[in-house]
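The values are calculated or read from the model by the stated rules, or taken from the named source; none is laboratory data. These numbers were taken from a predicted model, which means no experiment stands behind them. Neighbour counts are summed over all protein chains in view; Cβ atoms, including those assigned to glycine, are modelled from backbone coordinates with ideal geometry. In case anyone asks, the SASA skips ligands and DNA or RNA and just uses the protein heavy atoms, side chains included. Shrake-Rupley method; radii C 1.70, N 1.55, O 1.52, S 1.80 Å.
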Amino acid sequence: MERKRIIIADDEALIRQDLREMLTNLGYLVVGDVGDGRSAVHLTRELKPDLLIMDIRMPDMDGIEAARILTEEGIAPVLLLSAYSQRDLVERAASAGVSGYVIKPFDESNLLPAIEVVLARFNEYQEISLEAARLEERLETRVVVDRAKGILMDHRGMSEQEAFRNIQRISMNSRKSMREVADAIILAHQMTAPQSQ
């Protein structure tokens, strides 16, 4: 099984070193570590790790703001570390899209389940996003194909079934998707339709 790649972001070098050692013992691969939020964002964009483990309070950009940026970009999930469990921080973290939260001091026994839950949730989220994109694409294709069928029915006197088969046949013969064929029919209709003054 391929080792999960992790970036560590904490402004304390000793914590980064301890965390690196724990993660290595747990079988993860630490691909980088940084001491501030802005660097964490840049390094995560560059290396595209499986996970970013980051302290909340850091110079230049706090962990919650960095997590918000990375969550919006969908690059990697973020597991926040904090010595604080205040409700306002937890709420800010949740609204920023943070996938997990571990209170310091931590050890391997509470770090491992937090990491695995974050990775599983992120994978589920990505699968749901891909499925939503596929469904949206199918819906858009159906709308375009229906519009092209309407043009063929109105201007070529075809039945709905004939219009659909026509688009399907052209699609197979030209090795183009039905969406591409439908788009071409609509474009050709628009180019030949009389322009309204």
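Per-residue answers, yes or no, for (1) in contact with a helix residue (DSSP H, G or I) (Cβ under 7 Å, 6 or more places away or on another chain); (2) open to solvent by less than 40 Å² (accessible area, probe 1.4 Å); (3) closer than 30 Å to residue 98 by Cβ; (4) free of Cβ contacts under 8 Å to residues at least 24 places away in the same chain:
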site: 153; (1), (2), (3), (4): yes, no, no, yes
site: 156; (1), (2), (3), (4): no, no, no, yes
site: 160; (1), (2), (3), (4): yes, no, no, yes
site: 171; (1), (2), (3), (4): yes, yes, no, yes
Does residue 18 fit the bill of being in contact with a Pro (Cβ under 7 Å, 6 or more places away or on another chain) and among the charged types (D, E, K, R)?
no
Of those in region 124-133 that are closer than 15 Å to residue 71 by Cβ and within 9 Å of the chain's Cα centre (by Cα), the residue most open to solvent (accessible area, probe 1.4 Å) is 125
Given the conditions (1) within 19 Å of residue 114 (Cβ to Cβ); (2) open to solvent by less than 60 Å² (accessible area, probe 1.4 Å); (3) touching a strand residue (DSSP E or B) at 6+ places or on another chain (Cβ under 6 Å), every one holds for residue 3 apart from (2)
*asked:* Any residue that is over 20 Å from residue 20 (Cα atoms), in contact with a Gly (Cβ under 9 Å, 6 or more places away or on another chain) and open to solvent by 70 Å² or more (accessible area, probe 1.4 Å) - is there at least one of those in region 61-84?
replied: yes
Can you spot a residue in region 41-50 that is without any contact (Cβ under 8 Å) to a residue 60 or more places away in the chain, within 19 Å of residue 12 (Cβ to Cβ) and open to solvent by 60 Å² or more (accessible area, probe 1.4 Å)?
no
Taking first residues from region 76-99 that are under 19 Å from residue 116 (Cβ atoms) and second residues anywhere that are in a helix (DSSP H, G or I) and among the aromatic types (Phe, Trp, Tyr), the pairs with Cβ under 7 Å that are 6 or more apart or on different chains are 77/122; 99/122
#### Entry: residue 148 being open to solvent by less than 70 Å² (accessible area, probe 1.4 Å) and in contact with a helix residue (DSSP H, G or I) (Cβ under 8 Å, 6 or more places away or on another chain)
yes
For region 13-27, pairs from a residue that is more than 14 Å from residue 110 (Cα to Cα) to a residue that is open to solvent by 70 Å² or more (accessible area, probe 1.4 Å), with Cβ under 9 Å and 6 or more apart or across chains, are 27/1; 27/3
Given (1) modelled with pLDDT of 90 or more; (2) closer than 30 Å to residue 54 by Cα, residue 180 misses just (2)
